[in-house]
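Here the structure comes first, spelled out in structure tokens, and everything after it is commentary.
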Amino acid sequence: MTPTLTFWGTRGSIPTPGPGTTRYGGNTACLSIAGAGRLVILDAGSGLRPLGHDLMVHRDGPLKADILISHTHWDHIQGLPFFKPLSAPGNEFCIFGAAQNGVPLEEILRHQMDPMVFPVPLTALAAKVQVTEVVPGDFVLTDFRVSAYRLRHPGTTLGYRLTPKHSGRSIAYVTDNELGEGGDYPVGPDWRPGLARFLQGTDTLIHDAMYSEQIVQARRGWGHSTPREAVELAGEAGCRRLVLFHHEPEHDDSAIDRLLEDTREFARRIVPGLEVDAAAEGMELPL
Ligand SMILES: [Zn+2]
Ligand SMILES: [Zn+2]
């Protein structure tokens, strides 16, 4: 069976429901990789809620999954309290991600469900949840080899490259990453070539493409990229396909259409042959 990557949340910063975002979607970051053995979930934004609903409806028996968290900004963890499979006994989840400024990942996730701000504590959930902290470097899941790379974004943010152990092509999930100048991040001078090496030969690159060329100058140091910057990186790394991700909340569907059109035009000139798409809720890509 071919592994399939599904987008459940594509938006950055805050959910943006409404008539203007029906095609690309209003839920925040969440993807799943199914069909390669144990289920893998990338980020736990509000898109995790519809994924949880789908799993409850379509899965028989206990569910076991690995959840990789890029970092703990709200838009990447806010779906966790509403992930229904966490309330079902017999289910098992391993959550992977980095500590933040010396604060353990588990503590951050517990704070999001503190009685001050949420009615049900993380510890009251019926499923078994194990939290594992990761640092840049390699680790293995049941059915994937994973590499993590520190990104240029406030806090400790990790990009993940996943290669199926059995069959299927590799993907890299690199969101909340500033490719342009600006920002004061604790990364070395070799960061950019290191990132290109980390991504070398990845089939599908999912990359932060939040800012338009018009706005990026005013937002240097905020930790995000433009679609054109993502194209240049995909070209350097020799990727086959680039998926623009973490859409700006102010961009409605037609704004993303225009951005995508401009990006494809740019890619035709700079990286001929690169396939460029914009992430849309419900979009499925075979790996
Ligand atoms: Zn984000
Ligand atoms: Zn962030």
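The values are calculated or read from the model by the stated rules, or taken from the named source; none is laboratory data. It should be emphasised that the depicted structure is a prediction, and the values quoted were computed from it without experimental measurement. Just the protein is used for accessible areas: all its heavy atoms, side chains included, with ligands, DNA and RNA removed. Shrake-Rupley method; radii C 1.70, N 1.55, O 1.52, S 1.80 Å.
Structure values in brief
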| item | result |
| --- | --- |
| Share of Cα-Cα pairs in segment 73-209 lying beyond 27 Å, as whole percent | 29 |
| Three-way shape label, segment 120-269, alpha-carbon gyration tensor, a/c 1.5 | prolate |
| Directionally averaged projected area (convex hull, Cα atoms, the chain), nm² | 14.5 |
| Straight-distance crosslink candidates among lysines, where the alpha carbon sits under 22 Å from Lys128 and sequence neighbours closer than 8 are dropped | Lys64, Lys84 |
| Placed amide H near Val131: partners under 5 Å, 5+ positions off or other chain | Ile95 |
| As computed over segment 1-82, the Cα convex hull volume per residue (Å³) | 101 |
| Hz values of 3J(HN,Hα) by residue in segment 203-218 - Karplus curve (6.51, -1.76, 1.60), Gly and Pro given as x | 6, 10, 10, 9, 10, 3, 9, 6, 9, 6, 4, 6, 9, 4, 4, 6 |
| Whichever aspartates and glutamates have a C-alpha closer than 13 Å to that of Lys165, once near sequence neighbours (fewer than 8 apart) are set aside | Asp143 |
| Segment 1-155, accessible surface, carbon-and-sulfur percent (1.4 angstrom probe) | 58 |
| Per residue solvent-accessible surface (Å²) - the chain, probe of 1.4 Å | 43 |
| Prolate/oblate/rounded call for segment 205-287, Cα gyration tensor, a/c under 1.5 rounded | oblate |
| For the chain, built as a Gaussian network whose Cα springs stay under 10 Å, the top-fluctuating residue of Asn91, Asn27, Asn177 | Asn91 |
| Tail weight of P(r) past 21 Å, computed on alpha-carbon pairs of segment 1-141, percent | 41 |
| Under the span-like rule (Cα at least 18 Å along the axis, Kyte-Doolittle mean at least -1.0), DSSP H helices of the chain | 253-270 |
| Built amide H within the under 5 Å cut-off of Val276, gap 5+ | Leu242 |
| Value of [θ]222 nm, deg cm²/dmol, for the chain, DSSP H segments ≥ 4, -39500 (n - 2.57) each, nearest 500 | -6500 deg cm²/dmol |
